Amino acid sequence: GTKASSPGSGHLFSGPRGALLHPKRKEQYHHTVAQGLYVAKHARQDLLQTIAVLSTRVRQPTEGNWEKLVRLMKYINGTKRKVLRFSVDDLRILKWYVDVAFAVHPDFKSHTGMVMTMGQGALQSMSRKQKLNAHSSTEAELVGADDVVGQMLWTQLFMEEQGYDVDKNIVYQDSKSTMLLEIHGQKSAGKRSCLLNIRYFFIKDQIEKGNLSLREYDQPQNQSAQFRH
């Protein structure tokens, strides 16, 4: 009957704490995280961030990881009767919110989060540890956008194949320096970003072709509505 108000605590990204789990509990941890991953991908997108972090600890889970898993289960217990609802304002407008937590993992890699909506509810979402270490928050935000740009373009093509012409494919970000890189490319690259691999300027090319557009946001007023149940 125990419940929790959120799926993850303020120590979600903290490093290993406590002794390694006994093999039997380790197996249970791995099994439950795998179940949670299935549920998060199919119906409970509000669990994605916590599940993504716990998934990086399945090889050598500790007592601290077990506590985080227990908290997740308490949150699920308290919200199991809630359902995800969607609504669409305009089938011709796709909205993507992309943000990055810089160097939050124990190995100082950043974490990318994405939500796609067309009105109310997250039609697509993603929470993923980045595969490389970024030198700055600007670079991490650019890597994060590159992580999801393929999905953005695929979704536009998918909608067009269903007979709906996409007028706007909008990417919302909160980093002005990253947006300048994405719009101007090397012209806006400084000393800390001049070594970025050219593949991350793929976004600039897509903006010039009109397949994507950028908009800045601080914290969208309807942010809670993206995961409304």
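The values are calculated or read from the model by the stated rules, or taken from the named source; none is laboratory data. Keep in mind that this is a model prediction, so the values were computed, not measured. All Cβ positions, glycine included, derive from the backbone under ideal geometry; neighbour counts span all protein chains shown. Side chains included, ligands, DNA and RNA excluded: accessible areas come from the protein's heavy atoms. Shrake-Rupley method; radii C 1.70, N 1.55, O 1.52, S 1.80 Å.
Worth a mention:
- Here the stretch 177-203 is the region considered, the condition is being charged (D, E, K, R), part of a helix (DSSP H, G or I) and over 18 Å from residue 95 (Cα atoms), and the residue that is modelled with the lowest pLDDT is 187.
- Residue in the stretch 65-76 that is surrounded by 13 or more Cβ atoms within 10 Å (Cβ to Cβ), touching a strand residue (DSSP E or B) at 6+ places or on another chain (Cβ under 7 Å) and modelled with pLDDT of 95 or more present: no
- Subset of the stretch 1-22 [of a type outside the set (S, T, N, Q), part of a loop (DSSP other than H, G, I, E, B) and open to solvent by 100 Å² or more (accessible area, probe 1.4 Å)]: 1, 3, 11, 16, 17, 22
- Taking the criterion of being within 17 Å of residue 125 (Cβ to Cβ), in contact with a helix residue (DSSP H, G or I) (Cβ under 6 Å, 6 or more places away or on another chain) and not in a helix (DSSP H, G or I), the only residue of the stretch 139-172 that qualifies is 169.
- Neighbours by Cβ (under 8 Å, 6+ apart or cross-chain): first from the stretch 145-161, within 21 Å of residue 182 (Cα to Cα); second of a type in the set (Phe, Trp, Tyr) and open to solvent by less than 70 Å² (accessible area, probe 1.4 Å): 146/200; 148/96; 152/96
- Residues (out of contact with any Phe, Trp or Tyr (no Cβ under 7 Å at 6 or more places or on another chain) and buried (at least 23 other Cβ atoms within 10 Å of the Cβ)) located in the stretch 113-142: 117, 138, 139, 141
- Inside the stretch 23-55, residues that are under 17 Å from residue 127 (Cα atoms) and open to solvent by less than 100 Å² (accessible area, probe 1.4 Å) make up a count of 20.
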